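**Student:** Can you read through this structure? Questions will come right after.
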Amino acid sequence: MNMQAMLKQAQALQKDMMNVKKEIDNTEFIGESSMAKVTLKGNHEAVKVELNIDGSIEDEDKEMLEDSIILAINDANKKIEKMTESKMGKFGNIPGLF
């Protein structure tokens with residue numbers, strides 16, 4: 001394979017990778033816990049938070065609510081990472097790309 005063909009193949013691969021990354025970045029992922037639902041984009045941008053509570057929150061419930069939101073965000077981030085690994089894995093393990 002000559003250098004021009006290799007360069008063309010590398011450019012096509014880069015374009016494919018960028019398209020997959022764009023798709024992931026624009027996909028919304030929902031993380032859930034017992035008291036909250038958080039929606040993040042694939043670029044980890046938080047889009048929406050929904051709290052599943054009835055009535056007002058008392059002070060002693062504040063810490064539990066905060067923990068619940070953290071769990072929901074972490075759940076969404078795990079889903080983002082899983083899809084990223086799944087879709088980007090076909091390009092091999094190229095350090096520093098994403």
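Since every read-out is calculated from the coordinates, none of them should be taken as a lab result. Quick caveat: nothing in here was measured; it's all calculated off a predicted structure. FYI the Cβ positions are ideal-geometry reconstructions off the backbone, even for glycines, and counts take in every protein chain you see.
**Student:** Which ordering of M35, M6 is given by a fewest-first count of other beta-carbon atoms within 10 Å?
**Tutor:** M6, M35
**Student:** For region 19-90, what's the relative contact order in percent, using C-alpha pairs closer than 8 Å and at least 6 residues apart?
**Tutor:** That works out to 37 percent.
**Student:** Placing +1 on the Cβ of each Lys and Arg and -1 on the Cβ of each Asp and Glu in the chain, which of H44, N77, M18 has its Cα farthest towards the positive end of the resulting dipole?
**Tutor:** Value computed over the given set: M18.
**Student:** If I fit a long axis through the Cα atoms of helix 59-88 and take the longest principal axis of the Cα atoms of the chain, what angle between them do I get, 0 to 90°, rounded to 10?
**Tutor:** 20 degrees
**Student:** Right, another one. Could you list V38, V20, V47 so that the one with the fewest beta carbons within 10 Å of its beta carbon is first and the one with the most is last?
**Tutor:** Fewest-to-most Cβ neighbours within 10 Å comes out as V47, V20, V38.
**Student:** Among the aspartates and glutamates, select those whose C-alpha is under 16 Å from the C-alpha of K78, and discard any that sit fewer than 8 residues away in the same chain.
**Tutor:** D25, E28, E32, E45
**Student:** How would F91, F29 line up from fewest to most surrounding beta-carbon atoms within 10 angstrom?
**Tutor:** Lowest count first: F91, F29.
**Student:** What is the spin-label model distance, in nm, from N26 to A5 if the labels are put 7 Å beyond Cα along the C-beta direction?
**Tutor:** Taking the two extended label points, one gets 3.4 nm.
**Student:** Could you compute how fast region 19-90 diffuses translationally, taking Rh as the Kirkwood radius over C-alpha pairs and applying Stokes-Einstein at 20 °C with viscosity 1.002 mPa s? Give it in µm² per second.
**Tutor:** Diffusion coefficient, whole number: 166 µm²/s.
**Student:** Not counting the cut sites, what is the longest span of the chain without GluC sites (Glu not before Pro) that DSSP labels loop and that have at most 15 other Cβ atoms within 10 Å?
**Tutor:** The segment 1-44 is the longest one with no such site.
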